[in-house]
Amino acid sequence: DHYLDTDIIRSTMKIAAFVLALAGSATAFSPAKNSRQSVQLSETKTDLEKMAGDLNPIVKFWDPLGVADAGYWGKSDEATIGWLRQSEIKHGRVAMAAFVGHVVQSNFHWPWPMTMDGTPFPSTDLSPPEQWDSLPFASKAQIILFVGFLEWYSELTPGEGSDVGQTHYTKGGQPGKYPELKGGIPHNVPFNLYCKLYNRFVR
């Protein structure tokens, strides 16, 4: 009975940690309240200078490396700023998701087999890097290919070799917004639910 009670306590603590991690991630992704009905995309250096002054009147616009004028890959400053904004939003989300994943997989794993031959998911006794190392090559390949597909699909622009996608973030599109998965992919799974949830926090 003593060991049973201990197992119950440990399971309860893991579930509590999982819930707290999800709650924290939801707060991090939640948009700040804004009374404006629409948001103008700040794509020029002048827009950034004005926005910086409104957000922080003391520091104002501060770009010591001059990245707003870098003109990456020979593109305009507007395209460079759009690329930088997209990078900041995307990598910030990846970092937050990675932290939540680190916490969750250190305390929980699916109870069913991971592979068709009955191999279980990596034990929570392992650290997250050790869990990754213990995955079969096929599992790692599936994860990397799926992430690569999401990255590729997010770059599709209508009229530029594709009939699906959205206006590119370096050409006036909205940074951080993911295109809906429809029109170009034969599937029966409602992936657009994920896109709508993801884009809900893009303002």
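In segment 68-79 there is at least one residue matching the filter, namely being surrounded by 14 or more Cβ atoms within 10 Å (Cβ to Cβ) and under 23 Å from the mean Cα position of the chain (by Cα). A count restricted to segment 124-156 and to residues that are touching a residue at least 12 places away in the same chain (Cβ under 8 Å), polar (S, T, N, Q) and over 19 Å from V104 (Cα atoms) stands at 1.
Considering only residues in segment 118-144 that are of a type in the set (V, I, T) and within 30 Å of G176 (Cα to Cα), the one that is surrounded by the fewest Cβ atoms within 10 Å (Cβ to Cβ) turns out to be I144.
Of the residues contained in segment 82-104, none is found to be surrounded by 14 or more Cβ atoms within 10 Å (Cβ to Cβ) and at pLDDT below 85. Residues in segment 156-176 that are open to solvent by 60 Å² or more (accessible area, probe 1.4 Å) and under 22 Å from H91 (Cβ atoms) were compared, and the one that is nearest to the chain's Cα centre (by Cα) is Q174. In segment 55-64, what residues are exposed (fewer than 10 other Cβ atoms within 10 Å of the Cβ) and within 20 Å of E78 (Cα to Cα)? Result: W62, P64.
Quick grid of which residues meet (1) open to solvent by less than 40 Å² (accessible area, probe 1.4 Å); (2) aliphatic (A, V, I, L, M); (3) not in a helix (DSSP H, G or I):
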{"residue": "W112", "(1), (2), (3)": "no, no, yes"}
{"residue": "M116", "(1), (2), (3)": "no, yes, yes"}
{"residue": "F146", "(1), (2), (3)": "no, no, no"}
{"residue": "Y178", "(1), (2), (3)": "yes, no, yes"}
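The values are calculated or read from the model by the stated rules, or taken from the named source; none is laboratory data. These numbers come from a predicted model, not from an experiment. Virtual Cβ from ideal backbone geometry, glycine too; neighbours counted across all protein chains shown. Surface areas here come from the heavy atoms of the whole protein model, side chains and all, with no ligands, DNA or RNA. Shrake-Rupley method; radii C 1.70, N 1.55, O 1.52, S 1.80 Å.
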